[in-house]
Amino acid sequence: MRVLVIGSGAREHALITALLADPGVDTVACAPGNAGIAAVVPVHAVDVASGTAVVALARELGADLVVVGPEVPLVLGVADAVRDAGIACFGPSAAAARIEGSKAFAKDVMSAAGVRTAHSEVVDTPAVLDAALNRFGPTWVVKDDGLAAGKGVVVTADRRAARDHAAELLELGHPVLLESFLSGPEVSLFCLVDGESVVPLLPAQDHKRVGDGDTGPNTGGMGAYTPLPWLPADMVTRIVDEVVAPVAAEMVRRGCPFSGLLYAGLAVDADGPAVIEFNCRFGDPETQAVLALLESPLGAALHATATGTLDALPPLQWKDGSAVTVVVAAENYPGRPRTGDVITGADGPGVLHAGTARNDAGALVSAGGRVLSVVGVGADLAAARAEAYDVLSRVSLPGGHFRSDIGLAATEGRIAVP
């Protein structure tokens, strides 16, 4: 099988690493990739938001499978174009990708499917903002209704901060989603979905805020770990039965069946799982940790999903132990990041590239906000943490920063479902 991966982040680097380990995969290429990906597979500079450009490249490469990593090409219909060209594609249609592209659409699907989620209200004009804010609190959750690369959410007990964020979004012409606050620890569960067939991967937990102790603004994700030692043994089954399967069935009923990776972001409390959000693709940085423990061939799983044969896929096999991902970010991230700084120590095992490039002298430099993902694997969470931070100790990025507490609360037994 010849596979073309679309995207340029550490998520795509992780997907490519796992695909290269699949004996059923002959070749892998990537568009547009990054400096780290370019060191292991051919990369191609094409407009990945253009279905025409992606199809042309897939045909040129003789790709048997196209795997679309980021959400923007999916929302814009790139997967539709690839499938229309007769090429298998892992990734939902534009109609199904609305589950991430419009939070209001996702809420409507969940309501119809009877899935537990936060109470919400859409605000599309400043004139009603204050009255709407008064119906929420004492913790306000304010979201951009569209795509925001994981950074369009403010969770705050400060009404003024909530109002300022909402007003800024409305000024940009973006509808705002206000939500009630869901308590309980958060879980990310990725599921391969093909119509009404659902196959869960390992549950993970992301660390969204930029600073240790969950301080500072939200980011696209500063680290993750898997599995979750504090999660009740039956909770993955409950999430599939109570959340993912009903949503998948509702999408089929609406005539926009989901095919690809459906990512449920949840809060788990004494009443069980409640949905915070859905994404229509592999999440970053959870993917880097989850795939580090996958023993089954990834290419076979993605191809089965893309070709409507997921129900015939053998049960996924996982390695024992734990995996931890730590993100190295550029100076000033999640604000406008400083780029062009020379990176050293990033060519060894366990280092996945995201925002990297080569300068005119051929040196590896930072080229984005989240620059690297460092992955550690160990017999348990403490060992995986130790491995990740040991690898990270040999990486240097001037002005770079990372969280020192990824997975620490779980290691110390400080997380529990209420």
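Restricting the search to segment 273-286, which residues are acidic (Asp, Glu) and open to solvent by less than 10 Å² (accessible area, probe 1.4 Å)?
286
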If the requirement is being touching a residue at least 12 places away in the same chain (Cβ under 8 Å) and farther than 25 Å from residue 75 by Cβ, which of these qualifies: 351, 327? 351
Quick count over segment 355-392, residues being open to solvent by less than 20 Å² (accessible area, probe 1.4 Å) and part of a loop (DSSP other than H, G, I, E, B), is 3
Restricted to segment 201-234, and to residues that are closer than 24 Å to residue 331 by Cα and of a type in the set (S, T, N, Q), which residue is surrounded by the most Cβ atoms within 10 Å (Cβ to Cβ)? 219
I'm checking my understanding of the structure. Among residues of segment 140-184 that are among the basic types (Lys, Arg) and either free of Cβ contacts under 8 Å to residues at least 40 places away in the same chain or assigned to a strand (DSSP E or B) (or both), which one is nearest to residue 245 (Cα to Cα)? 143
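Restricting to segment 114-131, name every residue that is outside any strand (DSSP E or B), among the β-branched types (Val, Ile, Thr) and touching a helix residue (DSSP H, G or I) at 6+ places or on another chain (Cβ under 8 Å).
115, 125
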Scan segment 398-418 for residues that are buried (at least 19 other Cβ atoms within 10 Å of the Cβ) and either among the hydroxyl-bearing types (Ser, Thr, Tyr) or touching a strand residue (DSSP E or B) at 6+ places or on another chain (Cβ under 6 Å) (or both) and jot them down. 400, 402, 403, 406, 407, 411
Subset of segment 86-126 (residues that are modelled with pLDDT of 95 or more, crowded, with 19+ Cβ neighbours inside 10 Å and over 18 Å from residue 246 (Cα atoms)): 87, 88, 89, 90, 91, 93, 94
Can you tell me how many residues within segment 26-49 are touching a strand residue (DSSP E or B) at 6+ places or on another chain (Cβ under 6 Å), touching a residue at least 40 places away in the same chain (Cβ under 8 Å) and assigned to a loop (DSSP other than H, G, I, E, B)? 2
Residue 395 vs. criteria closer than 18 Å to residue 284 by Cα, surrounded by 16 or more Cβ atoms within 10 Å (Cβ to Cβ), aliphatic (A, V, I, L, M) and touching a strand residue (DSSP E or B) at 6+ places or on another chain (Cβ under 8 Å): no
Quick check on my filter: what residues within segment 326-347 are under 13 Å from residue 219 (Cα atoms), of a type in the set (A, V, I, L, M) and in a loop (DSSP other than H, G, I, E, B)? 330
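Residues are listed down the side, and each one gets a yes or a no for (1) at pLDDT below 90; (2) hydrophobic (A, V, I, L, M, F, W, C):
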{"site": "128", "(1), (2)": "no, yes"}
{"site": "138", "(1), (2)": "no, no"}
{"site": "141", "(1), (2)": "no, yes"}
{"site": "144", "(1), (2)": "yes, no"}
{"site": "148", "(1), (2)": "yes, yes"}
{"site": "153", "(1), (2)": "yes, yes"}
{"site": "156", "(1), (2)": "no, no"}
{"site": "170", "(1), (2)": "no, yes"}
{"site": "173", "(1), (2)": "no, no"}
Filter result for residue 124 (within 29 Å of residue 336 (Cα to Cα), touching a His at 6+ places or on another chain (Cβ under 8 Å) and not hydrophobic (A, V, I, L, M, F, W, C)): no
In segment 1-18, what count of residues is obtained for those that are touching a strand residue (DSSP E or B) at 6+ places or on another chain (Cβ under 8 Å), in a helix (DSSP H, G or I) and surrounded by 24 or more Cβ atoms within 10 Å (Cβ to Cβ)? 6
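Here is a yes/no grid of residues against (1) surrounded by fewer than 23 Cβ atoms within 10 Å (Cβ to Cβ); (2) touching a residue at least 40 places away in the same chain (Cβ under 8 Å):
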| position | (1), (2) |
| --- | --- |
| 247 | no, yes |
| 268 | no, yes |
| 288 | no, yes |
| 295 | yes, no |
| 301 | yes, yes |
| 323 | no, yes |
State yes or no: is residue 187 touching a residue at least 12 places away in the same chain (Cβ under 8 Å), open to solvent by less than 30 Å² (accessible area, probe 1.4 Å), not in a loop (DSSP other than H, G, I, E, B) and not small (Gly, Ala, Ser)? yes
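The values are calculated or read from the model by the stated rules, or taken from the named source; none is laboratory data. Treat the numbers as computed from the prediction; the structure is a model and nothing was measured. As a convention, Cβ positions derive from the backbone with ideal geometry for all residues, glycine included, and neighbour counts pool all protein chains shown. Each accessible area value is taken on the protein alone, full model and side chains, heavy atoms only, with ligands, DNA and RNA left out. Shrake-Rupley method; radii C 1.70, N 1.55, O 1.52, S 1.80 Å.
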